[in-house]
Every structure is written in C-alpha cells, then in structure tokens.
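Inspection log for the structure reproduced underneath, given as structure tokens.
The values are calculated or read from the model by the stated rules, or taken from the named source; none is laboratory data. Every value quoted in this text rests on a predicted model; they were computed, and no experiment measured them. Glycine gets a Cβ as well: all are built from the backbone with ideal geometry, and neighbour counts include every protein chain shown.
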Amino acid sequence: MKYLAIGDGLCAGMGASFLAPGFVQRHARLLENSLKEKVQVTTIARASNRSKDVMELLDNTFVLGKVKESDYIVLSAGQQDFLDAVKTFKVDNNEEGFQKTLRQCKHNIDDTINKIKEVKANQSYTITLLGFHNPYHEDPLAEKWIRHFHKHMACRACSSHVQSINLHQHFKGQEKKWCTKDSLYPNNEGHIEISKKLHELGTGNTE
C-alpha cells in the first residue's frame, strides 16, 4: 500500500515530542499489522500551510505523481486558516471577515479534493479528510466556525472515495490530556488517538 499524507501541521506531526512519530507513522504501522503488507508512506506537509497552500501543492508535478500512485490519502487543511481568522478577529472584531475566511477555506478544500479526484480517475483509492479540534472551545464564535467546517467535511464524505473524521468531536473535553500545553496541536497521546480513529474508520471507501 502507498500512503500519502498531505496538508498542514497535523500531517506534519506537529505537537509530537522530538523524534516521536506523529499519527501518520503510527497509523501506517497499524495498517501494516492488519493488512500484513508493507505500507510506504510519503508526507507532504508543513505547519504553515493554509488551505490555499495545500490546494496549490497539486500544481506541482512531483506531488501530482505521488497522488496518482497512492492508494490511501490523508488530507489535513484548514487549521491554520482558522487560527489566522481567530487572530484577526481579536484585532478587528469583524465577524463577516471571520466567516469569509471559513467560506474561502471550504472552497479551497473542495478544489483540492476535486483535483485529487481528477488525477485518480478510474483508480481505486480512499481520501480521508482530517478535521481539527478547537483550541478556543470557550469562544462561541470559534466553536461555530469549527462546527460549520466539520459539517462541510461530512458532506464531502458523502461522495465516492471520500471519508472524514471529526477530531473536534472526538477531542472535546480531552484537550488537557491529548493536546499540547498551548492547546494548538495534538501531543503524543493525541497523535495516538488520531491513528486509532483512522484505523477504526478503515480504508475501504473505494466506490
């Protein structure tokens, strides 16, 4: 199996301890154990990637080649857009601007999924959309942003070859246990939880 993780800080393993594996490597090992075959992992991700940056990765010939040959793709995008939106809102208190960022983020992710589907036409594959938790769970507007984001991801998961995981729902109430001290990323335990959720979801949505 060829496994591609593409996106932002989640796929890059942010929050995991130095030299500790992120969820990608942990999930790949779980797959190897269950499938009894080698899982070849490629990670193309940076913590600074916004959804637009992730979308634009698919303009790169090397990245397109990796997408084309992959059987299983994990896509994480949107967290940095969200963090940017929260930071800007705290300065300008402009709710419309806050929601505009969400709309653009969803549009970018839609374009990314569509590009992957074009490249993977007539192939058997699965894309798993990985949501993210809310570091500002006491902020009702941030909570609203996150809920709408995951609702959109769930809608995309109704299409063929696509499935999604709502990490906000899974992590809620467990942030102190599963997140870094600044709450921005999963810690080691959080990455373990993500790998478990991915494994539970499986890799079989290949209609």
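The figures follow:
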{"item": "Any hit, segment 16-23, residues being more than 24 Å from Asn188 (Cβ to Cβ) and among the hydrophobic types (A, V, I, L, M, F, W, C)", "result": "no"}
{"item": "Some residue of segment 40-50 being within 22 Å of Lys106 (Cα to Cα), part of a helix (DSSP H, G or I) and over 13 Å from the mean Cα position of the chain (by Cα)", "result": "no"}
{"item": "From the options Lys172, Lys176, Lys151, residue that is within 15 Å of Ile194 (Cα to Cα) and loosely packed, with under 15 Cβ neighbours inside 10 Å", "result": "Lys172"}
{"item": "Residue match in segment 123-134 (condition: of a type outside the set (Ser, Thr, Tyr), on the phi < 0 side of the Ramachandran plot and surrounded by fewer than 16 Cβ atoms within 10 Å (Cβ to Cβ))", "result": "yes"}
{"item": "Gln104 vs. criteria at pLDDT below 95, of a type outside the set (Lys, Arg), surrounded by 14 or more Cβ atoms within 10 Å (Cβ to Cβ) and over 13 Å from the mean Cα position of the chain (by Cα)", "result": "no"}
{"item": "Spans of helices (runs of 4 or more DSSP H) in segment 117-207 with at least 1 residues out of contact with any Lys or Arg (no Cβ under 6 Å at 6 or more places or on another chain) and over 23 Å from Ala5 (Cβ atoms)", "result": "140-156, 175-178"}
{"item": "Unique match (being buried (at least 20 other Cβ atoms within 10 Å of the Cβ) and either closer than 23 Å to Ala47 by Cβ or modelled with pLDDT of 95 or more (or both)) among Val119, Val162, Val91", "result": "Val162"}
{"item": "Long-range neighbours under 6 Å by Cβ, at least six apart or interchain, first residue more than 16 Å from Leu201 (Cβ to Cβ) within segment 150-163, second at pLDDT 95 or above", "result": "His152/Lys106"}
{"item": "Those residues of segment 72-88 which are assigned to a helix (DSSP H, G or I) and crowded, with 19+ Cβ neighbours inside 10 Å, in sequence order", "result": "Gln79, Gln80, Asp81, Phe82, Ala85"}
